[in-house]
1. Among the residues in segment 226-234, are any touching an Asp or Glu at 6+ places or on another chain (Cβ under 8 Å), open to solvent by 50 Å² or more (accessible area, probe 1.4 Å) and part of a strand (DSSP E or B)?
2. Of everything in segment 517-567 that's acidic (Asp, Glu) and open to solvent by 20 Å² or more (accessible area, probe 1.4 Å), which residue is nearest to Met309 (Cα to Cα)?
3. Restricting the search to segment 369-400, which residues are at pLDDT 90 or above, among the polar types (S, T, N, Q) and not in a helix (DSSP H, G or I)?
4. So is Ser429 hydroxyl-bearing (Ser, Thr, Tyr), over 19 Å from Glu509 (Cβ atoms) and modelled with pLDDT of 90 or more or not?
5. Within segment 448-495, which residues are open to solvent by less than 20 Å² (accessible area, probe 1.4 Å) and assigned to a helix (DSSP H, G or I)?
6. Looking at (1) in contact (Cβ under 8 Å) with a residue 24 or more places away in the chain; (2) in a loop (DSSP other than H, G, I, E, B), can you tell me which one Ser429 breaks?
7. Does at least one position in segment 498-514 carry a residue that is within 30 Å of Leu447 (Cβ to Cβ) and in a loop (DSSP other than H, G, I, E, B)?
8. Would you pick out the residues in segment 328-354 that are over 25 Å from Leu542 (Cα atoms) and surrounded by 20 or more Cβ atoms within 10 Å (Cβ to Cβ)?
Amino acid sequence: MAYGRGRLRLGDLLIKQQVITEEQLTEALGLQKGSGKKLGEVLTENGICTEEQIAEALSHQLNIERVDLTGFEIDSQILAMCSSALARKHSAIPYMFHPDNPNVLKLAMSDPMDMVAIDDFTIVTNLQIEPVVTTPRQIAIAIDKAYGTADVMGVANAYAEEKQRERQQEEQERAEADEEINNSPIVTLVKQMIDQAVRARTSDIHIEPLERTVRVRYRIDGALYERLVYSTDLLSAIVARVKIVSGMDISEKRKPQDGRMTQVVDGQEFDIRVSILPTVFGEKIVMRLTSKQALTREKKNLGLNPAEMKVFDHILSNPHGIILVTGPTGSGKSTTLYTALSELNREEVNIITVEDPVEANINGINQVQTNVKAGLTFASALRSILRQDPDIIMIGEIRDGETAGIAVQASITGHLVVSTLHTNSAAGSVGRLVDMGVEPYLLADSLVGIIAQRLVRRLCPNCKKPVKPDADQKELLKIPADADVTIYEPCGCAQCDNTGFKGRIGVYEIMQISPKLRHAISHEAQAEELKEIALSEGMNTLRMSATRYVLEGITSIAEMTKVSFDS
C-alpha cells in the first residue's frame, strides 16, 4: 500500500495540523541534536505536545486508522511471525489480519511514516503491511503483554544455564563479582522486571526466595499477584544487582538493609525504595515504586464528594493549627498530604517539610530529609525549621511525644502544621496524641481537622456484573430488607488483566474540629463520644463513604468490609 509519504517529515506534519508552532519545532530540533532520540520522543519528553496529539495528527494528516490497543488480545499466530526484538526496535506491533483480506496484516505503529519498519515487517511476515497509528506507550504495553514474560524468562533461562556451568568455581565469589554481574543478562532482567511492573500499575515488587524457586509478585491496586517464577540459581545475582544499584553493602547478607534507586520508564522517572530482609531461604527484596508525578495530583482526583470537598477546602483555609491525615500504610496518606501542600503552595507562603524519606519533589517547597545517623531526627529538624520563618510545616509522620509536642507548640504560635498519624479512625487520633503526652487542652486549641482515609479498588467498568444483594448484604449496607437495589461484583477481562478491578479511589472520614468537639477534647472525652458528636454535626464514617461507593457501583461489598469494620 502506498501512502505517498516518503518525504513528509513529522515536524512539518505537526505544524500543518497546528499541534506545534515553528518556534517549538526549532526548539525541539535543537534539543534533539546529539541526543540520538526521535523527534516525537523529544517533543513529548519536554512537554511540547503529548503522544495522543501526535497520534491524532498523524491519523488525520495521513488519513489512516487510529487504533486503541488497550485490552486487545493479539492472536498467537501473528505473534509467532516476528520477534519482540523487531517490535521493540521499530516501536511497532502487528495485531490483526485485515478483515477483508487475510494476506494483509495490520501493523500498529507510533511512526507510520517509517518505511524501513514497514519493509522489515513485510520481509519477515511475507505479507502485505497496512500501517495504523497509536501511541508509543500503548505499543510498549502491548509488546510487554505479548512478549514480556517470554523475554524475561528467556534472559532468566540463559543466565541460569550460564550459572549452572560456572557454579563449581564461583560459589564463594558470586555475590562479589561486580564486573561479571554488570556484563551479564541479570542487568537486563532486573531492568525489564521494573519496566513491566510500572506498566502494570504496580506499587510494590516482591522478590521472594522459596525452598526451590524464586517467586516475583506485583502489588497492583493493593493486592498481590504472582507474575514470575525463577530458578533459585538467580537469587544471589538478582540481590547483588539490586544492592549495587541501590547503594547497599553487597557483602552483608545477615542484616536487613535499605536503599533507593531511580529508573526512567517510558520517559517518566520513578523513585524506587528498596528493602532487603534475610529469610531462611535467602534475602527477600521489596521494591516500592513511586512516580514523582503520581503523588502530586489535582484535589478533584482524590475521590472526595462535593460535601467532603467543601469541608476539605475549609480545613485547608485555616491560617494556623494542626491538620492530621490518618490511616494504615498504603492508604494514600502521602498523596493527600502532597495534594494539600500543592494547593497551599503560593509565592507569598514559606512551606518547609521534614520527611523520611522525601517521596516527591515539589517546586517552591523546602524539603528536609531526616538522617538519624547525623542526628537529624523529626524533632531536631522541627526545632531548626521553626527558626526558618515558616508559614506552613509538613511533618512526614508524628511518631513520638517529642515530635507531637513541638508540632502542637508550632501550631499554637501561628503556624499551619500538616502531618500523618497511624490510627484507624479520625476520632481515635485524639487519644493517640494524648497517649503520646500532649495535654488535652493544648490539643483542643491546636487541632483544626482530622482526615481518616483508606483506598478501595474500583470495579473494572468493562466487566463488572450486576447482582441483587441478599438479606445479609442489605444489613451490611444498612438498607431496608425490601429495598430493590443493584450492586456489582468483580468479574475479570483483558482490560483489567482478569482481576476484576482497575485503579483505586479514596474513602474518607473528615472530622472538622467544631467548638463542641474542642470542648469535648479538652475534657478528655473518649473516641466514641467524639465520634458521636462529629456524626451529629454531619461527618460521614469510612463505612458510610464506602457504602455509598458500593451503591453507586464503584466498588464491591468485599472491598467495603476490608476498609471499615465499624458496625
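The values are calculated or read from the model by the stated rules, or taken from the named source; none is laboratory data. Computed from a prediction, not measured in an experiment: that's the story for all the values here. Virtual Cβ from ideal backbone geometry, glycine too; neighbours counted across all protein chains shown. Please note that ligands, DNA and RNA were not included when accessible areas were found on the heavy atoms of the full protein model with its side chains. Shrake-Rupley method; radii C 1.70, N 1.55, O 1.52, S 1.80 Å.
1. Initial filter on segment 226-234 (touching an Asp or Glu at 6+ places or on another chain (Cβ under 8 Å)): none.
Within segment 226-234 (the criterion being touching an Asp or Glu at 6+ places or on another chain (Cβ under 8 Å), open to solvent by 50 Å² or more (accessible area, probe 1.4 Å) and part of a strand (DSSP E or B)), the answer is no, since none of the residues qualifies.
2. Of all residues in segment 517-567, those acidic (Asp, Glu) come to 524, 528-529, 532, 537, 552, 559, 566.
Restricting the remaining residues to those that are open to solvent by 20 Å² or more (accessible area, probe 1.4 Å) gives 524, 528-529, 532, 537, 552, 566.
Working: Glu524: 29, Glu528: 25, Glu529: 25, Glu532: 22, Glu537: 16, Glu552: 18, Asp566: 23 Å.
Among them, the one singled out is Glu537.
3. Matches in segment 369-400: Gln388 only.
4. Details: hydroxyl-bearing (Ser, Thr, Tyr): yes; over 19 Å from Glu509 (Cβ atoms): no; modelled with pLDDT of 90 or more: yes.
Criteria not met by Ser429.
5. Within segment 448-495, Leu477 is the sole residue that qualifies.
6. If we test Ser429 against (1) in contact (Cβ under 8 Å) with a residue 24 or more places away in the chain; (2) in a loop (DSSP other than H, G, I, E, B), just (2) comes out false.
7. Filtering segment 498-514 for residues within 30 Å of Leu447 (Cβ to Cβ) gives 504-514.
If we keep only those that are in a loop (DSSP other than H, G, I, E, B) as well, we get 513-514.
There is at least one residue in segment 498-514 that is within 30 Å of Leu447 (Cβ to Cβ) and in a loop (DSSP other than H, G, I, E, B).
8. Passing the criteria: Ile351, Ile352, Thr353, Val354.
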